[in-house]
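I have placed the structure first, in the form of structure tokens, so that the comments after it can refer back to it.
The values are calculated or read from the model by the stated rules, or taken from the named source; none is laboratory data. Bear in mind that the values here come from a model prediction, so they are computed numbers and not experimental data. Note: ideal-geometry Cβ built from the backbone for every residue, glycine included; neighbour counts use all protein chains shown.
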Amino acid sequence: MAWHPTPTQWFVLHRLVLLLVCLPMMRLVLLAYRDALGANPIEALTRATGWWSLVFLLITLLVTPLRRVLQWPWLLRMRRTLGLSAFFYALAHFITFIWFDHWFDWVAMFSDVIKRPFITMGFSAFVVLLPLALTSNNYMTRKLGAQRWQRLHRLAYLAPAIAVIHYWWLVKADVREPLYFAIVLALLLVWRVWSVVQKR
């Protein structure tokens, strides 16, 4: 049965989701404050922010299938929050890379981007996410027009695909986690193709 939250229920639900997406970052800040990030805190921050960015990207893609299965159209209103959360963690991931890894040495950073394939893929994923984040507001939706906005935001499927490759090439030996991400993404892509075919 379809459920339509009241304005009050939506307010509470939206704030709860905002709290949940902030919890991983709050935990990282607390661990950093306590100097409890382990022997290599920079690597811990980099891995955690990248991991959560990929998780929220996939959750964002999951919104549309859940909306149709559960008949909850209001879920679409949650997609923007989840997508921006994914970008927030990707931005934190990128800032950790340019700040703590390279101390804003732009020449060294771009040298890494060019020479190390897994960094090339990670940087590419961030570049793909950037226009999605910048246009995730009502003003840009109106400015671009519905069709152009929708075409642009199809990149939401490309970004996690590149991010999975980035993760896979990073871990090299134990690829179980990136494989799980790849399987989830593949299922979401299959569903997307199937839904497009069904509409024709």
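What is the one condition in (1) surrounded by 16 or more Cβ atoms within 10 Å (Cβ to Cβ); (2) under 13 Å from the mean Cα position of the chain (by Cα) that Val127 does not satisfy?
(1)
Which ones in the range 79-95 are closer than 13 Å to Leu28 by Cβ and either surrounded by 20 or more Cβ atoms within 10 Å (Cβ to Cβ) or of a type in the set (Val, Ile, Thr) (or both)?
Selection gives Tyr89, Ala92, His93, Ile95.
Select from the range 96-108 the residues that are in a helix (DSSP H, G or I) and surrounded by fewer than 19 Cβ atoms within 10 Å (Cβ to Cβ) and list them in ascending order.
Ile98, Trp99, Phe100, Asp101, Trp106, Val107, Ala108
One line per residue, one yes/no per condition, for (1) closer than 23 Å to Thr96 by Cα; (2) loosely packed, with under 15 Cβ neighbours inside 10 Å; (3) touching a Cys at 6+ places or on another chain (Cβ under 6 Å); (4) among the basic types (Lys, Arg):
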position: Thr135; (1), (2), (3), (4): no, no, no, no
position: Arg148; (1), (2), (3), (4): no, yes, no, yes
position: Leu179; (1), (2), (3), (4): no, yes, no, no
position: Leu187; (1), (2), (3), (4): no, yes, no, no
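Go through the residues of the range 66-82 one by one and say whether even a single one is under 18 Å from Pro178 (Cα atoms) and of a type outside the set (Phe, Trp, Tyr).
Scanning the range 66-82, I find no residue that is under 18 Å from Pro178 (Cα atoms) and of a type outside the set (Phe, Trp, Tyr), so the answer is no.
Can you pull out the residues in the range 178-200 that are small (Gly, Ala, Ser) and closer than 13 Å to Pro65 by Cβ?
Listed by number, the list holds a single entry, Ser195.
Is it the case, given these coordinates, that Ala163 is surrounded by 13 or more Cβ atoms within 10 Å (Cβ to Cβ) and either at pLDDT 90 or above or outside any helix (DSSP H, G or I) (or both)?
Yes; evaluated as a whole, the condition is true for this residue.
Touching a Pro at 6+ places or on another chain (Cβ under 8 Å) and either at pLDDT 90 or above or under 22 Å from Pro178 (Cβ atoms) (or both): which single residue out of Leu58, Leu62, Leu31 fits that description?
From the options Leu58, Leu62, Leu31, the qualifying one is Leu58.
Among the candidates Leu28, Leu16, Leu58, single out the residue that is touching a residue at least 12 places away in the same chain (Cβ under 8 Å), out of contact with any Lys or Arg (no Cβ under 6 Å at 6 or more places or on another chain), closer than 18 Å to Met78 by Cα and assigned to a helix (DSSP H, G or I).
Leu58
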